[in-house]
Amino acid sequence: MSWSPIGRPIRVGIFEHDPDAFNCFRRMPKKSCDKPGAEVEIISMVMKLLDWQWEVIDTEARFNVVNDFGNLQPDGNFSGIMGLLAKDKIDMSGLSMRITPDRMQFAHFTFPIRYFQQVYIIRRPPENDFRNFVFAPFSTEMWILLLATIMAVSTVRFMCALYWDSRVGSKFNIYFSSVLETFGLMLNQRVQDPSAVSTMFLEGFLIISMMSIAQYYQTSMNSRLTAPPSSRIPFLHQDQLAEQLYKKETYLTYYFNYSLEGSSVKNQRIISEAMKFNPIVVRSKESDLIKEIQKGGVFYSTYDIEFLPQAVSTWDKRQGLTVIRDTAGIVSYVAFGFSISNRKLCQMFNKALLKILPGIASITLGPGYGTKKQPEDITVQVKKTRLSLKKHLEQLFYIYLIGLGISSFLFLLEILYFRLAAIKKIKVYQVNRVESDTTIECTFTPLPN
C-alpha cells in the first residue's frame, strides 16, 4: 500500500508545458494516462519506485501560475513555481527548472536530469542570395586599390607614349588608350609591346600580381555560383544579438518583462543599455508571441541541448520559425525542485531517481514527446568570405609595390638618360654647324666641250 513520508499526499505543482506536461496529466495518479508528458512520466516512475502517495496540483487553475518557473522579484521573493515552493504551497515542482544560486536559497534540487543552453527563436531567415556576385569577391578597399592601380599604371604608360613612342593624336585619346591597354593587361589580353625598360618592369610585375588576383576572383565567383542553398542567419551568438539590440535592428519578446541573462559582463552591459531605449515586448499568450517573432522579434529561453544537435535548427516548419542555440552561451543544469522544508524528501527522491537516470534521455526523446530538431540547412553551411587587402592580399600588394618602385626608379633613370642624350645631340649639332660655317667651300667649274 502506498504511503507518504509527510503524512499526506505529496503535492506536485505542474502547469501545461508541451512536451513535458500535457494531455491528461491532470488526472494522475488516480487515473492512468498513457502520455502525460516526459517529465510527468519520470516523476510517476520515481513515485512508483518509492511507493509514495502524490497528487497533481494544476498551478494554472489553482494559483494562476503558467509559463513561469520563477524569477526573483525586487522585494526579494520569487514568482511562479519557485514562489509556490518558497511559500510551501506545493511540495515539489513537477517540471524541471534551472539550478541557480538564487533559487538554491529557497529550494532543494534533485540530481540534474537535463542540460539546457540559451536559445533564440526567430522567424525563418531568407536564403543567401549569390546572384549579385560581380562585386562580392573583393572588399571595397580592394576595389578602390585596383582602380587606383589602373589609373597609376595608365598614367605611366601615357607618359611613356608621349616621351618614347611619340604617338600621334590628342592627349585625351592617348591617355584613354593607355587605360584600355592597362585594363586589357589585367585581363590577360594582348596589348602593345612596351618600348621602355621601366614599362617592361611595370607590366611584368603587374602581370604577376594580376595572375593571382584573377585566380582569387575566379575562384570566389565559382564558389558563389556553385554554393549550396543556405539560410542568412542574422546572428549565432549573444554578443552579435546584443549589438543588434543596441542598434535597434531587432527586439526581444517574452511572456513577461524578464531581462535576457548576459553570458558575459560585456554582453550584460550592452543588453542593459539597449533595454533602456529598446524594451522587451511582453506577450502573455503563445499565439501573440509567435506573431511578434514573425514580425522580427527574438524570443529567448533555454532548451535541452539533447534536442538541438545543431547550432541552427528548424523549430516549427509550418509557422516558419527557426531556433538558434548559442554554442558559446550559458549551459545550465536542470532538475526538480523541493520546498525548503522538504530536504529529507528530496534526498529520498534522489536515491530512486538514480535508478532511472541513465534512461531519462530515452524518455524525453520517446514517441509522442520531444524529437531532435532538424538542421535548418541540410547542406554544409557556407562561410561568406570577402577577400581583403590586409587579410588575404597583403603579401601580393607588397610584391607589387616593390615592382612599382623599381619601375619608377627605372623610369626616372630613363628620363635622365633621355635628357642627357638630347643635350648631347644638341651639342653635336652645334659643333657640326660651327664647323660647317668655318669650312672653305670648294666649287667645281666644268670644262667647255
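The values are calculated or read from the model by the stated rules, or taken from the named source; none is laboratory data. It should be emphasised that the depicted structure is a prediction, and the values quoted were computed from it without experimental measurement. Reconstructed Cβ throughout: ideal geometry from the backbone, glycine too, with neighbour counts over all protein chains shown. In case anyone asks, the SASA skips ligands and DNA or RNA and just uses the protein heavy atoms, side chains included. Shrake-Rupley method; radii C 1.70, N 1.55, O 1.52, S 1.80 Å.
Listed values, structure above:
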read-out: Qualifying residue in the stretch 134-149 (condition: of a type in the set (D, E), modelled with pLDDT of 65 or more, open to solvent by 70 Å² or more (accessible area, probe 1.4 Å) and out of contact with any Leu (no Cβ under 8 Å at 6 or more places or on another chain)); value: no
read-out: The stretch 314-339, subset of a type in the set (S, T, N, Q) and surrounded by fewer than 21 Cβ atoms within 10 Å (Cβ to Cβ), residue farthest from I121 (Cα to Cα); value: S332
read-out: Out of K372, K351, sole residue that is touching a helix residue (DSSP H, G or I) at 6+ places or on another chain (Cβ under 8 Å) and within 30 Å of M82 (Cα to Cα); value: K372
read-out: All positions within the stretch 32-62 that are within 42 Å of the chain's Cα centre (by Cα) and within 17 Å of S4 (Cβ to Cβ); value: I43
read-out: Residues that are in a loop (DSSP other than H, G, I, E, B) and of a type outside the set (A, V, I, L, M, F, W, C), drawn from the stretch 1-22; value: S2, S4, P5, G7, R8, P9, E16, D18, P19, D20
read-out: Single residue of the stretch 234-262 satisfying the filter (at pLDDT 90 or above and among the hydrophobic types (A, V, I, L, M, F, W, C)) that is surrounded by the fewest Cβ atoms within 10 Å (Cβ to Cβ); value: L236
read-out: Elements of type helices (runs of 4 or more DSSP H) contained in the stretch 340-449, each with 1 or more residues being open to solvent by less than 40 Å² (accessible area, probe 1.4 Å), over 30 Å from L95 (Cβ atoms) and at pLDDT below 85; value: 394-438
read-out: Verdict on K317 being charged (D, E, K, R) and under 25 Å from M82 (Cα atoms); value: no
read-out: Hits in the stretch 286-339 (condition: part of a helix (DSSP H, G or I) and within 22 Å of I360 (Cα to Cα)); value: I305, E306, F307
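For (1) more than 20 Å from V331 (Cα to Cα); (2) open to solvent by less than 80 Å² (accessible area, probe 1.4 Å); (3) touching an Asp or Glu at 6+ places or on another chain (Cβ under 7 Å), each residue gets a yes or a no:
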{"residue": "N267", "(1), (2), (3)": "no, yes, yes"}
{"residue": "I271", "(1), (2), (3)": "no, yes, no"}
{"residue": "M275", "(1), (2), (3)": "yes, yes, no"}
{"residue": "I293", "(1), (2), (3)": "yes, yes, no"}
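Table: residues versus (1) modelled with pLDDT under 95; (2) touching a strand residue (DSSP E or B) at 6+ places or on another chain (Cβ under 7 Å).
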| site | (1), (2) |
| --- | --- |
| S2 | yes, yes |
| R8 | yes, no |
| R11 | no, yes |
| P19 | yes, no |
| C24 | yes, no |
| R27 | yes, no |
| I43 | no, yes |
| L72 | yes, yes |
| G76 | yes, no |
